[in-house]
1. Which numbered condition in (1) within 30 Å of GLY266 (Cβ to Cβ); (2) among the small types (Gly, Ala, Ser); (3) surrounded by 22 or more Cβ atoms within 10 Å (Cβ to Cβ) is the only one that ALA36 fails?
2. Taking segment 168-186 as the region of interest, how many residues are more than 17 Å from LYS290 (Cβ to Cβ) and either assigned to a strand (DSSP E or B) or of a type outside the set (Gly, Ala, Ser) (or both)?
3. Which condition breaks for GLU199 when tested against (1) closer than 27 Å to LEU106 by Cα; (2) charged (D, E, K, R); (3) outside any strand (DSSP E or B)?
4. Is there a residue being of a type outside the set (Lys, Arg) and either in a strand (DSSP E or B) or at pLDDT below 95 (or both) anywhere in segment 22-30?
5. Output the qualifying pairs, or none if there are none: Cβ atoms under 8 angstrom, residues six or more apart or on different chains, first residue in segment 244-267 and closer than 15 Å to THR188 by Cα and small (Gly, Ala, Ser), second residue at pLDDT 95 or above and part of a loop (DSSP other than H, G, I, E, B).
6. Exactly one condition in (1) out of contact with any Asp or Glu (no Cβ under 8 Å at 6 or more places or on another chain); (2) closer than 22 Å to LEU220 by Cβ is not met by GLY69; state its number.
7. Take the residues in segment 1-21 that are hydroxyl-bearing (Ser, Thr, Tyr) and at pLDDT 95 or above; name whichever of them is surrounded by the fewest Cβ atoms within 10 Å (Cβ to Cβ).
Amino acid sequence: MSDQYDAIVVGARCAGATTAMLLARRGYRVLVVDRAKFPSDTLSTHVIHAPGVAALDRWGLLDTVLATGCPPIEHYSFDFGPFVINGTTRPAEGQTAAYAPRRTVLDEILVNAGAAAGATVEEEFNVDGLIFDDGKVSGIRGHSRNMKEENLRSRIVIGADGRASRVAKAVQARSYEEKPRLQWPFYTYFSELPVDGFETYIRPFRGFGAAATNDGLTMLVVSWPYAEAHSYKADVEGNYYRTLELVPQFASRVKAARREAPFLGGAVPNYLRVPFGPGWALVGDAGYTKDPITAQGINRRLPRCRTMLRGC
């Protein structure tokens with residue numbers, strides 16, 4: 001049976017949608033599938049630093065993100081108590097501002113960009129397994145919302161389906177450079193909470209950071225060591241607010257604000273996975289995750305335009 005597509009991308013969020021978009025722009029026949037329906041949210045503190053912003057600009061998508069009203073982050077501060085480091089980021093292709101668009105906003109923009117480039121987008125599609133021919137991945141098995149089962153073939157299957165990647169499991173992608181979990185964060189959103197750029201506060205065994213996002217909201221994430229996760233989870237709301245009291249002037253700002261969402265969070269594993277094999281590749285969280293204390297997640301998930309089909 002001939003291939004229906006050059007590439008099938010499993011997962012249509014940051015890594016998957018942009019991979020599909022870049023391949024489609026090069027003229028490849030691309031299908032991208034996701035079990036979600038867009039727009040929809042996902043667990044993410046969603047700060048995009050200057051290198052990621054430069055990529056959005058290079059792809060012609062930055063103006064669309066800015067049109068959503070997401071404010072720029074032009075200043076960074078790291079408050080360690082005895083001293084504070086303030087400054088701006090190193091320019092990346094002329095970009096110096098960061099942005100923190102909600103994933104309900106960003107992911108839909110990226111999915112639409114993939115479709116506009118010519119990729120076929122299938123939402124609410126569940127991948128049940130992969131198709132193998134002589135040890136090489138040659139497609140996917142899955143079903144749509146109406147439970148219609150489909151076998152779809154391609155030259156390569158790209159797993160962009162997150163830390164619990166079905167693609168990675170099916171091909172038995174080996175993990176390496178595994179490190180212990182470092183922190184347990186919870187975040188939520190506040191209205192009427194002014195911040196000066198990206199504010200980060202570090203205190204002994206505690207830390208929190210805040211950045212403005214869409215719709216006049218501010219994302220505020222509070223982290224404890226992973227070893228204390230049980231204590232944190234025993235009273236998330238109380239421990240969250242007690243941590244903020246370590247910086248009284250910031251806590252007073254939060255008391256004057258209004259929480260607009262539930263608390264979200266959880267620890268993230270640290271690992272690398274073997275990123276490719278016969279007929280398959282992994283991008284984004286499917287192939288690599290790192291503790292969010294670095295705040296580099298989305299930056300590292302926006303792919304560069306490299307051809308993945310060579311030799312497949």
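The values are calculated or read from the model by the stated rules, or taken from the named source; none is laboratory data. The shown structure was predicted, so the numbers you read here are calculated from the model rather than taken from an experiment. Here Cβ is always computed from backbone atoms with ideal geometry, including for glycine, and neighbour counts include all displayed protein chains.
1. Of (1) within 30 Å of GLY266 (Cβ to Cβ); (2) among the small types (Gly, Ala, Ser); (3) surrounded by 22 or more Cβ atoms within 10 Å (Cβ to Cβ), only one is false for ALA36: (3).
2. Looking only at that region, the number is 5.
3. Tallying (1) closer than 27 Å to LEU106 by Cα; (2) charged (D, E, K, R); (3) outside any strand (DSSP E or B), GLU199 fails exactly one: (3).
4. Just the residues of segment 22-30 that are of a type outside the set (Lys, Arg), to begin with: 22-24, 27-28, 30.
Cutting the leftovers down to either in a strand (DSSP E or B) or at pLDDT below 95 (or both) gives us 30.
Within segment 22-30, one or more residues are of a type outside the set (Lys, Arg) and either in a strand (DSSP E or B) or at pLDDT below 95 (or both).
5. ALA251/GLU245; ALA257/GLU192; ALA257/LEU193
6. Result: GLY69 passes all but (1).
7. Here is the first cut: in segment 1-21, the ones hydroxyl-bearing (Ser, Thr, Tyr) are 2, 5, 18-19.
From the residues that got through so far, the ones that are at pLDDT 95 or above too are 5, 18-19.
Values: TYR5: 22, THR18: 28, THR19: 30.
Only one residue tops the list, namely TYR5.
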